[in-house]
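Working notes, beginning with the structure itself.
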Amino acid sequence: MSLTLNNVTKKFGSHTAVRQLSLEIPESEIFGFLGANGAGKTTTFRMILGLLQQTDGSIDWNGESINYHKSHLIGYLPEERGLYPKLKIVDQLVYLARLRGMNKSDALQQLDYWLDRFKVPEYKGKKVEELSKGNQQKIQFISAVLHNPKLLILDEPFSGLDPVNVEMLKEAVVDLKDQGTSIVFSSHRMEHVEELCEHLCIMHHGSPVVHGSLRQIKRDFGKKNVVIRSDFDLSFIQDISGVTRFKKVSEGCDVQIESEHVAQKIFDALHQKGFVRKFDLEEPSLNDIFIEKVGASYNE
């Protein structure tokens, strides 16, 4: 089931939060949704969920209009966590699952599966307020997936988690994708998006500024990175034609260049100046692309 947004606009009075957004989110894939704070990501999620009505445009899922009545097919992990702190985990998660059409025995079976998978089976009878923030987040994730949704929206799912728990949740997300769930995934951690997503959209002031496959986006960006580590001063590199960014680090420098041809010029310039421990030509990172496309907004 693919999710299609066609010229979707959302206005709040005179403010346009989302402007003519057109996307197609493929079936059984993790789609990255990026943007600075206030870019329109959460507003878009709420329109997909049917919690907000778009001002203009259409949102279709598998060729049909998506609305609140399809909420039992959708899982949502909001950035603002929303479990009841004084209720037992088993009571509120079974309740939420039943709201989405599950019977109690199936909900309990799924709950046991996920608690075991996340290595917290002993939390079943505890109250949410008794858990650490990281473990509360695991429970919130379980609440979003307990009913086996066909579409899963994850808004900053890894924020506040330690590296071990991040890996645990990432594995769960990939498994859900492999089982056929379509996943829309928002994060400020670019390395997570690069690792998990084949396609993505970068939002800026409510409009998409980059959209497509990650591979093609990197290819179209054009620039490359060179990582150099040495024991001698490398500051002369910033004066070489075609070097667009020079960053000094403790054992060398990180450089952005216009093309692979410039890497050869840098390599030739290093010749006979001293011992070079590392010289790597790398594709641009998603972080590089995000900063160039969106970074200016932080200075406005």
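The values are calculated or read from the model by the stated rules, or taken from the named source; none is laboratory data. Computed from a prediction, not measured in an experiment: that's the story for all the values here. Positions of Cβ are backbone-derived with ideal geometry, glycine not excepted, and every protein chain shown enters the neighbour counts. Please note that ligands, DNA and RNA were not included when accessible areas were found on the heavy atoms of the full protein model with its side chains. Shrake-Rupley method; radii C 1.70, N 1.55, O 1.52, S 1.80 Å.
Output the number of residues of the range 57-77 satisfying the condition of being open to solvent by 20 Å² or more (accessible area, probe 1.4 Å) and either modelled with pLDDT of 85 or more or in contact with a Gly (Cβ under 7 Å, 6 or more places away or on another chain) (or both). Break it down into steps so the answer makes sense when it comes.
Filtering the range 57-77 for residues open to solvent by 20 Å² or more (accessible area, probe 1.4 Å) gives 57-58, 60, 62-65, 67-73, 76.
If we keep only those that are either modelled with pLDDT of 85 or more or in contact with a Gly (Cβ under 7 Å, 6 or more places away or on another chain) (or both) as well, we get 57-58, 60, 67-68, 71-73, 76.
Number satisfying all stated conditions: 9.
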Checklist outcome for this item: Residue pairs within 7 Å by beta carbon, gap of at least six or interchain, first lying in the range 53-64 and touching a residue at least 12 places away in the same chain (Cβ under 8 Å) and under 18 Å from THR181 (Cα atoms), second assigned to a loop (DSSP other than H, G, I, E, B) and of a type in the set (S, T, N, Q), listed first then second, are ASN62/SER2
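Rundown of residues vs (1) more than 24 Å from MET102 (Cβ to Cβ); (2) within 15 Å of the chain's Cα centre (by Cα); (3) of a type in the set (D, E, K, R), yes/no style:
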{"site": "SER143", "(1), (2), (3)": "no, no, no"}
{"site": "LYS150", "(1), (2), (3)": "no, no, yes"}
{"site": "ASP162", "(1), (2), (3)": "yes, no, yes"}
{"site": "VAL166", "(1), (2), (3)": "yes, yes, no"}
{"site": "LEU169", "(1), (2), (3)": "no, yes, no"}
{"site": "ASP175", "(1), (2), (3)": "no, no, yes"}
{"site": "ASP178", "(1), (2), (3)": "no, no, yes"}
{"site": "SER182", "(1), (2), (3)": "no, yes, no"}
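Looking at LEU96, LEU83, LEU21, LEU52, can you tell me which residue is open to solvent by less than 70 Å² (accessible area, probe 1.4 Å), in contact with a helix residue (DSSP H, G or I) (Cβ under 8 Å, 6 or more places away or on another chain) and in a helix (DSSP H, G or I)?
Values: LEU83 fails: in a helix (DSSP H, G or I); LEU21 fails: in a helix (DSSP H, G or I); LEU52 fails: in a helix (DSSP H, G or I).
After applying the criteria, what remains is LEU96.
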Checklist entry - Given the structure, is ILE74 in contact with a strand residue (DSSP E or B) (Cβ under 8 Å, 6 or more places away or on another chain), within 28 Å of SER213 (Cα to Cα) and touching a residue at least 40 places away in the same chain (Cβ under 8 Å)? => result yes
Checklist entry - Within the range 277-287, is there a residue that is out of contact with any His (no Cβ under 7 Å at 6 or more places or on another chain), part of a helix (DSSP H, G or I) and open to solvent by 30 Å² or more (accessible area, probe 1.4 Å)? => result yes
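So which residues in the range 143-161 are open to solvent by 70 Å² or more (accessible area, probe 1.4 Å) and under 29 Å from ILE291 (Cα atoms), if there are any at all? I'd like the intermediate steps shown before the answer.
Residues of the range 143-161 that are open to solvent by 70 Å² or more (accessible area, probe 1.4 Å), as a first pass: 148, 150, 160.
Residue satisfying the conditions is GLY160 alone.
For the range 244-276, name all the residues that are open to solvent by less than 80 Å² (accessible area, probe 1.4 Å), out of contact with any Leu (no Cβ under 7 Å at 6 or more places or on another chain) and of a type outside the set (Ser, Thr, Tyr).
Within the range 244-276, the subset open to solvent by less than 80 Å² (accessible area, probe 1.4 Å) is 244, 246, 249, 252-257, 259, 262-263, 265-266, 269-270, 274, 276.
Subset that is out of contact with any Leu (no Cβ under 7 Å at 6 or more places or on another chain): 244, 246, 249, 254-257, 259, 262, 265-266, 269-270, 274.
Passing the criteria: PHE246, VAL249, ASP254, VAL255, GLN256, ILE257, VAL262, LYS265, ILE266, ALA269, LEU270, GLY274.
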Checklist entry - Are any of the residues in the range 286-295 touching a residue at least 40 places away in the same chain (Cβ under 8 Å), more than 30 Å from HIS205 (Cα to Cα) and not charged (D, E, K, R)? => result no
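In the set VAL164, VAL173, which member is part of a helix (DSSP H, G or I), farther than 22 Å from ASP91 by Cα, open to solvent by less than 10 Å² (accessible area, probe 1.4 Å) and of a type outside the set (Ser, Thr, Tyr)?
Working: VAL164 fails: open to solvent by less than 10 Å² (accessible area, probe 1.4 Å).
Answer to the check: VAL173.
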Next on the checklist: Just to verify a result, which residue in the range 191-236, among those that are assigned to a strand (DSSP E or B) and of a type in the set (D, E, K, R), is surrounded by the most Cβ atoms within 10 Å (Cβ to Cβ)?
Outcome noted: LYS224
Checklist entry - Taking only pairs six or more apart or across chains, which ones have beta-carbon atoms under 6 Å, a first residue in the range 113-133 that is in a helix (DSSP H, G or I), and a second residue that is basic (Lys, Arg)? => result LEU115/LYS124
Checklist entry - When the residues of the range 1-18 are filtered to those that are in contact with a Leu (Cβ under 8 Å, 6 or more places away or on another chain) and outside any loop (DSSP other than H, G, I, E, B), which remaining residue is nearest to THR42 (Cα to Cα)? => result LYS10
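Give me a count of the residues in the range 26-49 that are β-branched (Val, Ile, Thr) and either closer than 18 Å to ARG189 by Cβ or open to solvent by 10 Å² or more (accessible area, probe 1.4 Å) (or both).
Here is the first cut: in the range 26-49, the ones β-branched (Val, Ile, Thr) are 30, 42-44, 48.
From what's left, either closer than 18 Å to ARG189 by Cβ or open to solvent by 10 Å² or more (accessible area, probe 1.4 Å) (or both): 30, 42-43.
So the answer is 3.
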